[in-house]
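Trainee: Got a structure for you, questions after.
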DNA sequence: GATGAATGAGTATTCATTCAT
DNA sequence: TATGAATGAATACTCATTCAT
């Protein structure tokens, strides 16, 4: 609170909204609660954001941009496809856990965005999905991964487990984010062995 | 509609609520919409259900009971642990797809249940989780599955992909429910190879 | 108030809205003021009326129907065209004064109706206008009225003065509604002398 | 727009406000819309005008001063009272049509002025009304106009039709402003024939 | 069993105005 | 002169639930 209180108003609003949306869900969080938590008035919120929906969209955008950047970096590296896929699979787990509030909102409240913004988000997610799938297909073509399962399905298999993290992962649990990431990447790579 | 119109009132309400909750989400669906879709009045709804929350809880219960029964049946069969796990993993995929509206509600609206009912649901899900985990541990102890990854994490890995089905599976897509189930069970079993 | 308090809720709301819209204008009157004046809650208002706009529309409809009926009756009588026009011209003045609140709302707030409802009202007013114009044209064809001025313009001339009544007429003034009506009808008829 | 963009800021604001008030009504037009249309900021508006109300008052003042000047000029001419009344009656029609946006605002939004400013405007209109009435009374005393109708009522009769212009006159219609003016003045003069 | 009128607390959003810069 | 962030009160409308019939 004392930390956040020093931030500029828009960031303060975004931080408050993120916490509340993650805890209570988008529909259950009122604009009034957000502005109270941020220590500003409604007028200030609507000065910076066009609507409650805009806040949600901005939270999505933040996480999407972060993960897309990291995937692009990892996938573009000079290394074996196995190594790149393992790193990509593990990295998305770590960054999801590091931004667990954002992730929880992402998977729980996406369908509460306006139709128009939902379309936009879906397009960005598709780009992410396709980049990831390309890695798998590269390995399948090279024979280092089995092609027993269509690459699309493999992507959905892995991302299901990433989404699910926000349902069960607790920071106070026995496994560090990196350990969880290594395990989940390991499962994926083993499932792809020819 | 003509089918549903013949059902007894409580079932008609449940069917209408399921469709609407799946399409719009729990919070976005008003009691008025439900009773209109079911062709009854508010008084009738409150005659059979104590609250809007009760409807949601009943929808959960229906799916949970179904999947628990099927898991118990499969896990109790006389067969190798590999065969039983493969069947259990595939079965939950098929029944999830067969009840995709219920599943969508399950994963999207659970946190909108009252705290008390949420606790109850969580307890039932834990029972399901534990039964599934026991199968994996059995295989690990017998050496037919690797124990590189803790059984708990494996369960979460698989159930992540099951939850995720309601985000991407479309009946009009190229894969039948059984085909998807076989692929996902295959991935799980391959990941568990020693 | 004691009178109105006994009326059914919808009429009570309409009476309260009429008084307030006439006094303060549509935009300056809040739904809260209306329900307080009617002694009910907002929920009750929205139970009977879909929107604030609906109240306004209903007030219009009431006056329009009344005046259309009376014009049709007068114009359809067996009498000279001069006599029928004089009666019609005077009658609309009297009923406007008798419903001065409705009339004030009519001329001051029509453009605050939703576009869709405005269209509807305009169509109904056109019907009224045309019936009135037909009387004038009948007299012009028969030579009892001059055709120096197009009938359309004559109708607008007269209705201008009718609309204007709500700006200046005061019940406590020196002229009774009937006296005002006779004078205004007299002016019209004199202006139409060949 | 390019024309207006060159005007000094206060005139630009007044021009934008006039257009918007005429189109949407005073209450439906926000200060934000006005400053955006004028290409300035809120601070600038409040630098030149004390309030939104002031803009409306200034628009009134502009039209009132114009019409008062013209009436004084016409009424003071050396000519028969018939000729002066005809010219005055026609002139107010032409200047109303030439400033139809102002006129629309005048008749539609006057009651949205603050009480104090409304009083001021009413006093100025009364002066106008009285000057016009004096012409009619002059003709009645001289026997060139009938005194069958009180002069006050005759003024209201004519001004009703002037107010009404903003409801029906369209520049693209068949009659020019001068033609409409001649017709309406003709009706008035015929109605006053002894 | 079932109705539907009524409640009352809640929702997101708008807006004229102020004021430190 | 002019900015634009911020206020605070108001706005129309929604909704789960109750209850007399």
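Trainee: Going by average Cβ density within 10 Å per residue, which order do the peptides D:66-78, B:21-33 take, highest to lowest?
Mentor: B:21-33, D:66-78
Trainee: Return the Rg/Rh value of the protein assembly as shown, two decimal places, where both radii are evaluated on C-alpha atoms and Rh is the Kirkwood radius.
Mentor: 1.16
Trainee: Across peptide A:165-173, what mean number of C-beta atoms from other chains lies inside 10 Å of a residue's C-beta?
Mentor: 2
Trainee: Counting only other chains, and only Cβ atoms inside 10 Å, what mean value do you get across the residues of A:112-119?
Mentor: If you average over the peptide's residues, the count of other-chain Cβ atoms is 1.
Trainee: If you don't mind, there's one more thing I want to ask. For region D:2-48, just say rounded, prolate or oblate: build the C-alpha gyration tensor, square-root its eigenvalues into a ≥ b ≥ c, call rounded for a/c under 1.5, and beyond that prolate if a/b exceeds b/c, oblate if not.
Mentor: Oblate, since a/c reaches 1.5 and b/c is not below a/b.
Trainee: While we're here: If you take the beta carbon distance between residue A:115 and residue A:31 as r and set R0 to 22 Å, what does 1/(1 + (r/R0)^6) give as a FRET efficiency, to the nearest 0.05?
Mentor: Values: r = 21 Å, r/R0 = 0.94.
Efficiency at R0 = 22 Å is approximately 0.60.
Trainee: Another one. Determine which residues of region D:60-97 fall in the zone a paramagnetic label at residue D:176 would reach in this model, i.e. backbone nitrogen under 19 Å from the point 7 Å along Cα→Cβ.
Mentor: Residues D:87-97 qualify, since their backbone N sits under 19 Å from the label point.
Trainee: Using the per-residue mean of other Cβ atoms lying within 10 Å as a proxy for protection, in what order, highest first, do the peptides A:144-152, D:171-179 fall? Walk me through the numbers on the way to the answer.
Mentor: Values: A:144-152: 17.7, D:171-179: 11.6.
Ranked by mean Cβ neighbours within 10 Å, highest first: A:144-152, D:171-179.
Trainee: Measure out, as a whole number of angstrom, how far apart the alpha-carbon centroids of region A:1-78 and region D:12-66 sit.
Mentor: Here the two parts' Cα centres lie 37 Å apart.
Trainee: Using a/c under 1.5 as the rounded threshold, could you call region B:125-194 rounded, prolate or oblate? The axes a ≥ b ≥ c are square roots of the C-alpha gyration tensor eigenvalues, and prolate needs a/b larger than b/c, oblate otherwise.
Mentor: prolate
Trainee: Picking from C:133, C:122, C:84, which is most flexible by a Gaussian network model of chain C using Cα springs under 10 Å?
Mentor: Of C:133, C:122, C:84, the Gaussian network model singles out C:122 as fluctuating most.
Trainee: With a point put 7 Å past each Cα toward its Cβ, work out how far residue A:78 is from residue C:98 in nm, to one decimal.
Mentor: Distance between the two pseudo-spin positions: 9.8 nm.
Trainee: Let me ask another. Taking only Cα atoms, what is the 0 to 90° angle, nearest 10, from helix B:177-192's long axis to the longest principal axis of chain B?
Mentor: For helix B:177-192, the angle is close to 40 degrees.
Trainee: Per the helix-only calculation at 222 nm, which mean residue ellipticity applies to chain C, given -39500 (n - 2.57) for every DSSP H run of n ≥ 4 and division by its residues, nearest 500 deg cm²/dmol?
Mentor: -25000 deg cm²/dmol
Trainee: Provide, in order from the shortest bin, the percent of all Cα-Cα pairs of region A:1-120 in each 5 Å bin, continuing until the bin that contains the maximum pair distance.
Mentor: 2, 11, 20, 19, 17, 12, 8, 6, 4, 2, 0
Trainee: Considering the Cα positions of region C:52-191, please state its Rg to one decimal place and its Dmax as a whole number of Å.
Mentor: 15.3, 49
Trainee: For B:147-155, what's the mean count of beta carbons from other chains sitting within 10 Å of each residue's beta carbon? Don't skip to the end; give the middle numbers.
Mentor: Working: counts 0, 4, 6, 5, 0, 4, 9, 4, 1.
Averaged over the peptide's residues, the number is 4.
Trainee: Can I get the semi-axes of region C:91-131's equivalent ellipsoid? Compute them from the C-alpha gyration tensor as square roots of 5 times the eigenvalues, in angstrom, largest first.
Mentor: Values: eigenvalues 77, 45, 5 Å².
Listed largest to smallest, the semi-axes of region C:91-131 are 20, 15, 5 Å.
Every number in this text was worked out from the coordinates using simple rules, so none of it is lab data. No experiment lies behind these values; they were computed from the predicted model shown. Cβ atoms come from the backbone with ideal geometry, glycine included; neighbour counts cover every protein chain shown.
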